[in-house]
Amino acid sequence: MKSISKFIISLLSCFGAGAIGGLFTQSSLTTWYAQLVKPELSPPNWVFAPVWNVLYFLMAIALYRLLISEERQDRRLTLALFVVQLLFNIIWSAVFFGLHSPGGGLVVIAMLALAIGATMFWGRRVSKVAALLLVPYLGWVCFAAYLNYQFWRLN
């Protein structure tokens, strides 16, 4: 039973962060964001929801793997870093979409990428599977950082 509750907590934590970030995103997609000059590699808007759903699910599995791990030494630090990266995930949406600030978003997304990398670095000691599950997330965030830079440069 403990295992199921940890999985539910993992799902709620990751998808909850996505939902909070989405509060900032939804109101800007058809207004401010729609008017921006888009970078050449910018995907169509419909791509973002399925990609983020897959990424949040992978993140939830990674968090679950960290929570059930027998490894105690680095688990607390890894879980703290996981929470930090989730917070940066939310903050990026608030800054980029909520404040309409590509420059501020660029700073936050750089910190997000570093936080994901740190989570993976320390997390591999707790669960190699958890660290590997975060690879697509880090890849997408790095791509998003490139797009964020282009938005800042073009607008």
- Note on the structure: Per the charge dipole of the range 2-154 (beta-carbon charges, Lys/Arg positive, Asp/Glu negative, Cα centre), the residue among Leu12, Ile109, Trp140 reaching farthest to the positive end is Leu12
- Any idea how far apart Met111 and Glu71 come out in nm if each label point goes 7 Å out from Cα toward Cβ? 2.7 nm
- Message: Across the range 29-155, what fraction of all alpha-carbon pairs, as a whole percent, falls in each successive 10 Å bin from zero upward?
- Response: 13, 42, 29, 13, 3
- Per-residue HN-Hα couplings for the range 113-128 [Karplus 6.51, -1.76, 1.60; θ = phi - 60°; Hz; x = Gly/Pro]: 4, 5, 5, 5, x, 5, 4, 5, 4, 6, x, 5, 6, 8, 7, 4
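Under the 0.36 nm per residue contour assumption, what length would be gained going from the current alpha-carbon distance of Phe121 and Trp152 to full extension? Before the final figure, lay out the partial values.
Working: separation 31, 0.36 × 31 = 11.16 nm, distance 2.95 nm.
Working it through step by step, the gained length comes to 8.2 nm.
Which trypsin sites (Lys or Arg not before Pro) in the range 34-133 sit in a loop by DSSP (not H, G, I, E or B) and have at most 12 other Cβ atoms within 10 Å of their own Cβ?
Working: sites: Arg65, Arg72, Arg75, Arg76, Arg124, Arg125, Lys128; in loops: Arg72.
Passing sites in the range 34-133 are Arg72.
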- Spin-label point model (7 Å from Cα, Cβ direction): what's the Asn45 to His100 distance in nm? 1.6 nm
- For the range 85-98, in order, what is each residue's ³J(HN,Hα) by Karplus, 6.51 cos²θ - 1.76 cosθ + 1.60 with θ = phi - 60°, in whole Hz (x at glycine and Pro)? 5, 5, 5, 5, 4, 5, 4, 4, 4, 5, 7, 5, 8, x
- Query: Taking 0.36 nm per intervening residue step and subtracting the Cα-Cα distance, what contour gain separates Val83 from Leu132 on full extension?
  - Reply: 15.9 nm
- Note on the structure: Karplus-derived 3J(HN,Hα) from phi for the range 10-23 (6.51 cos²θ - 1.76 cosθ + 1.60, θ = phi - 60°), whole Hz, x at Gly and Pro, runs 4, 4, 5, 5, 6, 5, x, 4, x, 5, 5, x, x, 4
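Where a number appears in this text, it was derived from the coordinates with a stated rule and is not lab data. Since we're looking at a predicted model, the values are computed, not measured. Glycine gets a Cβ as well: all are built from the backbone with ideal geometry, and neighbour counts include every protein chain shown.
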